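*Asks:* Quick one: structure below, then a few questions.
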Amino acid sequence: MLGTAYPITTTGECGWIDGVPLDCLADVDMVMNDYIDWGTDEEIEAGECNGETSLRSVITHELGKVLGLWHSCDEGETDCTPEEIETTMNWAAGACDTTQSSPNSDDAAGLTSLYGFGTLNATLAAPDGGRIGRAPFAVAGGVGPDGAIVLDATWEFGNGDQALGLAPSYVYEASGEFMPSLCVAGFEECPDFVGCQDLDPIIVCPVPLARIDAADEGGGVWHFGVPLEEASSACMLQADWTCTDDLGVVGGTASSQITTFTFPHDGAWTVDLSVTDPDGVTTDTLVVDVVGSEGSGCGDEGCGEGCGGGGAGGVLVGVVAARRRRRTAPAVLSH
């Protein structure tokens, strides 16, 4: 333990200059460890250091805690980013090191990695604000100045493509789920600031989304499903099925991604699929030749709703992708 701070008050007056009261965020008592060899930044930067720890860096670190910040990288963490390790709020302080004595661009990047942007309003979406739609899917980016004027920005669209500027336009040609990100280079108030943040995912739906997969189990039992590729599971709002025989008799209906029909008699059956996505409806039709039907107990007037439906395991599987970044680095003394 190098030092610690004990808040006394969190608001109000905490001092006077020439008789004028000063408003403050916090009034604290700060205690430093007597067993540590302390050094001034002036001595350390002049090369007069024999393993001392910068007193100013520890005071700055403890003041960060008073302001409500916690360790950007804590003791024992093995997945900290370089930005989080190099910030003043890292849990450790090195000997003869003054880099943590005052906040700088490393601190901005590290704290942004933990807390996000407090004053940045960034979006990447279609003109109507949506983030799900059919390919090709056009989006536009924007950085809103919620109290901060951004100087420049780099946009990553999640597929390897990039764009520069504060208001880019982009068209996703391929379907899939994409994780865009934004890197900001400088504010008017802090031109040296560099920081990045992830944006909301963009989901681009394949066209047509309606497409029938079929599997014959035998005995007149067939499994049907909509093969979901990439991000299309989020695109499918509803799937409606109808099967009719060669005389136009409805043999069953269902509303689900995957379903099972037990056909009441042999012959050619037409299976119609209608899929609703955020941009409308697409359809598909498949004719199956049913052989060996064991019947389903339906009446002479047709089966109607109820002879179809139910889950069919193993017809399709969705694909889910996840990503995580961060790495580790050694530390020395804890705050």
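*Asks:* Could you please find all residues in segment 258-285 being of a type in the set (Val, Ile, Thr) and closer than 15 Å to Glu217 by Cα?
*Replies:* First, pick out the residues of segment 258-285 that are of a type in the set (Val, Ile, Thr): 258-260, 262, 270-271, 275-276, 281-283, 285.
Across segment 258-285, the qualifying residues are Ile258, Thr259, Thr260, Thr262.
*Asks:* Which residues, taken from segment 68-93, are within 19 Å of Gln197 (Cα to Cα) and outside any loop (DSSP other than H, G, I, E, B)?
*Replies:* Cys73, Pro82, Glu83, Glu84, Ile85, Glu86
*Asks:* What residue, among those in segment 50-82 that are among the acidic types (Asp, Glu) and in contact (Cβ under 8 Å) with a residue 60 or more places away in the chain, is surrounded by the most Cβ atoms within 10 Å (Cβ to Cβ)?
*Replies:* Ranking the qualifying residues of segment 50-82, first place goes to Glu62.
*Asks:* Condition first: of a type in the set (Gly, Ala, Ser) and touching a Pro at 6+ places or on another chain (Cβ under 9 Å). Can you find one or more residues in segment 204-226 that meet it?
*Replies:* Within segment 204-226, the subset of a type in the set (Gly, Ala, Ser) is 210, 214-215, 218-220, 225.
Next, from what is left, pick out any that are touching a Pro at 6+ places or on another chain (Cβ under 9 Å): 220.
The answer is yes, given that some residue of segment 204-226 is of a type in the set (Gly, Ala, Ser) and touching a Pro at 6+ places or on another chain (Cβ under 9 Å).
*Asks:* Take segment 231-267 and flag every residue that is in contact with a His (Cβ under 9 Å, 6 or more places away or on another chain) and among the hydrophobic types (A, V, I, L, M, F, W, C). Explain how you work it out, then say what you get.
*Replies:* Of segment 231-267, the ones in contact with a His (Cβ under 9 Å, 6 or more places away or on another chain) are 245, 251, 258-261.
Across segment 231-267, the qualifying residues are Ile258, Phe261.
*Asks:* Looking at segment 209-222 only, could you name the residues that are within 27 Å of the chain's Cα centre (by Cα) and not aliphatic (A, V, I, L, M)?
*Replies:* Hits for segment 209-222: nothing passes.
*Asks:* What pairs come out if I take residues in segment 198-224 that are more than 14 Å from Gln257 (Cα to Cα) and pair them with residues that are β-branched (Val, Ile, Thr) whose C-beta lies under 6 Å away, six or more apart or interchain?
*Replies:* Going by the 6 Å Cβ cut-off, the qualifying pairs are Ile203/Ile132; Pro208/Thr282; Gly220/Thr262; Gly220/Val290; Val221/Thr262.
*Asks:* Considering only residues that are modelled with pLDDT of 95 or more and surrounded by 15 or more Cβ atoms within 10 Å (Cβ to Cβ), which ones fall in segment 138-154?
*Replies:* Of everything in segment 138-154, just one residue is modelled with pLDDT of 95 or more and surrounded by 15 or more Cβ atoms within 10 Å (Cβ to Cβ), namely Val139.
*Asks:* Taking the criterion of being within 30 Å of Gly133 (Cβ to Cβ) and at pLDDT 90 or above, would at least one residue in segment 286-304 satisfy it?
*Replies:* Yes; the residues of segment 286-304 include at least one that is within 30 Å of Gly133 (Cβ to Cβ) and at pLDDT 90 or above.
*Asks:* Yes or no: Thr81 farther than 30 Å from Gly280 by Cα, within 21 Å of the chain's Cα centre (by Cα), β-branched (Val, Ile, Thr) and at pLDDT 80 or above?
*Replies:* Yes; evaluated as a whole, the condition is true for this residue.
The values are calculated or read from the model by the stated rules, or taken from the named source; none is laboratory data. Keep in mind that what you see is a predicted model, and the values were worked out from it rather than measured. Backbone-built Cβ (ideal geometry, glycine too); neighbour counts: all protein chains shown.
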